[in-house]
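What follows is a short report on a single structure.
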Amino acid sequence: MSNTSQMRNELGDFSSIVCFKAVVVGTEEALGEKAAAIALISAGRNRGNQVAEQLGLEGKGLTNTELVPMLQAALGKDGTRLCIIDKIVESGETILAYCSETICSVGEPQGSPRKLTFTLGAVQGVLEKVTGKRLRGKQIESVLRGGSHDVIEFEFLA
């Protein structure tokens, strides 16, 4: 997501993963793991809503094949660098998002119990705007625990 002007003149629009992870860990220490997850997912969802609005995706009726490159541009290496969305697959009452290089998993050791929070929320926020339906997301696969991707499963609520 590039604006015509940067938010900071000298440092630019981006911060480090180290700083982001410090926010996550500090939030967990202050609120506890479950409350922090709720807060971070909610923050991500809000960001995802913003991304969808900025891209004009609400009510567009896009296919997942059309949506993925748009999200790659907005959230991937040419955008905010939150993650790479490799594919989105819809099957009945669920949507699976296959993500790599997620900000939530980076720097974690193999076997870490870390789960996607902000990333999950951001993808959820975008998908809710695109589908016009409320979703509930959960991570079902992790690169930290042997998966090829961080996979998020979203189920339709309304």
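Note on the chain: with a GNM built from Cα contacts shorter than 10 Å, the maximum mean-square fluctuation among 129, 34, 21 falls on 34.
Extension gain, residue 101-residue 134: 0.36 nm per intervening residue step, less the Cα-Cα distance, totals 9.3 nm.
Using a Gaussian network model of the chain in which every pair of alpha carbons under 10 angstrom is joined by a spring, one finds that among 94, 102, 65 the greatest mean-square fluctuation is at 65.
Per residue of the chain, what 222 nm ellipticity follows from adding -39500 (n - 2.57) for every DSSP H run with n ≥ 4, rounded to the nearest 500? Walk me through the numbers before you get to the answer.
Numbers: 4 runs with 64 residues, N = 158.
Helix-only estimate at 222 nm: -13500 deg cm²/dmol.
What does the charge dipole of region 13-158 about its Cα centre add up to, to the nearest 20 debye, if the Cβ of each Lys and Arg holds +1 and the Cβ of each Asp and Glu holds -1? Before the final figure, lay out the partial values.
Details: 16 positive and 18 negative charges, 36 e Å.
Approximately 180 debye in magnitude.
Here the chain yields Rg over Rh of 0.95, to two decimals, using C-alpha coordinates and the Kirkwood radius.
Read-outs: derived from the displayed coordinates by stated rules, not from any lab. Bear in mind the structure is a predicted one, so any value in this text is a computation, not a measurement. Every residue, glycine among them, receives a Cβ derived from its backbone with ideal geometry; neighbour counts consider all protein chains shown.
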